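Heads up, the thing below is written out as structure tokens.
The values are calculated or read from the model by the stated rules, or taken from the named source; none is laboratory data. Please read all numbers here as calculations on a predicted model, not as lab measurements. Cβ placement follows ideal geometry from the backbone for every residue including glycine, while neighbour counts extend to all protein chains displayed.
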Amino acid sequence: MSISNHGYKHILLNFIAPGVLELRMNRPNKRNAFNQRHYLEIGHAFTHVIPILTECRCVLLTGSGSIFSSGIDLAGMASGGIGGAVTSFESTDKTIARAAGVLSSGGLWQQSHLAINTCKKPVVAAIQKGCYGAALEMISFVDIRFCTKDCIFQAPEVDLGFAADVGGNQMLPKIIGNDSLLRELCLTGRKFNAQEAYKFGLVSRICDDYKDLMKQAIEVATLIASKSPIATQGVKTMLNYTRDHTLHDSMNFGLVWNAAFIQTNDTNLAGKAFMEKKQAIFPNSPVLNKMLPSKM
């Protein structure tokens, strides 16, 4: 089921299964490379559109064409430097202006990635063939990651003369438990394959090919979407909170969260379905802000 595209040029939003909204990066001729508009559209969708789609219970993040994403669109960013970075010897004033550009534009890009993580809907990424640079940083903000067996990953920023700054150096240490390996990958910029990504926990499934990838990703997203949206929102919120807080604070937060949200009818529905040996059917979760956002 197609929905309003909100003036987007580089992403598509479509319901592809009950409760499952696909956000598809749609620049196949550019290998889904990120220019500034691409970043802003992803951030806008996760901040202003997806949260108010009550029928959306899980998001499937995909990329059109032969590759998930090649990362930053270097050609598209060339006129302003990569993220505003200095590209030649320049006057002090111009250098300062470019530095300010990093803080301004880079902050917007960071917010786009953070929006994926803070969105209350679980997000599953289906990654085919290749995931480089900024795209690798982006998928570190999703909840579940699957890839094809021929997928290649890389953090190549050191070869471009700068440090990755849109979340990879902050989120990947929370995903990859081997600090030495993490530093090796980020300091050398070497490529690593699906098997290595699975071994150290970046992905949880390796699929045979693109068809198998989409089949398994849709199945898992559909299963998540069949659960209580109050419960899945609670799980994601608690896991995110626990990642950044102490055990004691996180356990207290969990009690406070459930004290509020257990007052919904989902627990009663689940209990009744269990007793009757039926599949519980849960209503969509309420949305407090139903105001539609302005178009891009």
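Of note:
- Residue satisfying all of: in segment 178-202; of a type outside the set (D, E, K, R) and not in a helix (DSSP H, G or I); farthest from Ala135 (Cα to Cα) among these: Asn178
- Among residues of segment 108-119 that are not assigned by TED's automatic domain parsing to the domain that holds Thr237 and surrounded by fewer than 21 Cβ atoms within 10 Å (Cβ to Cβ), those with a beta-carbon under 9 Å from a residue that is part of a helix (DSSP H, G or I) and among the small types (Gly, Ala, Ser) at least six positions away or on a different chain give the pairs Leu108/Gly43; Gln111/Gly43; Leu114/Gly43; Ala115/Gly43; Ala115/Ala45.
- Filtering segment 65-78 to residues that are of a type in the set (Gly, Ala, Ser) and surrounded by fewer than 19 Cβ atoms within 10 Å (Cβ to Cβ) leaves Gly65, Ser66, Ala75, Gly76, Ala78.
- Residue check, Asp165 surrounded by fewer than 14 Cβ atoms within 10 Å (Cβ to Cβ) and touching a residue at least 60 places away in the same chain (Cβ under 8 Å): no
- Among the residues of segment 127-162, the ones that are under 26 Å from Thr237 (Cβ atoms), assigned to a loop (DSSP other than H, G, I, E, B) and aliphatic (A, V, I, L, M) come to 1 in all.
- Number of positions in segment 4-50 that are closer than 16 Å to Cys119 by Cβ, surrounded by fewer than 20 Cβ atoms within 10 Å (Cβ to Cβ) and out of contact with any Ser or Thr (no Cβ under 8 Å at 6 or more places or on another chain): 3
- The sole residue among Ile127, Ile176 that is in the same structural domain as Val20 (by TED's automatic domain parsing), out of contact with any strand residue (DSSP E or B) (no Cβ under 9 Å at 6 or more places or on another chain) and among the β-branched types (Val, Ile, Thr) is Ile176.
- Conditions (1) at pLDDT 70 or above; (2) exposed (fewer than 12 other Cβ atoms within 10 Å of the Cβ); number of the one not met by Leu288: (1)
- Scanning segment 140-173 for residues that are within 28 Å of Val220 (Cα to Cα) and touching a strand residue (DSSP E or B) at 6+ places or on another chain (Cβ under 7 Å) yields Val142, Asp143, Ile144, Arg145, Phe146, Cys147, Thr148, Lys149, Cys151, Ile152, Phe153, Gln154.
- Wholly within segment 218-281, helices (runs of 4 or more DSSP H) carrying at least 1 residues that are over 27 Å from the mean Cα position of the chain (by Cα) and modelled with pLDDT under 90: 247-261, 266-275
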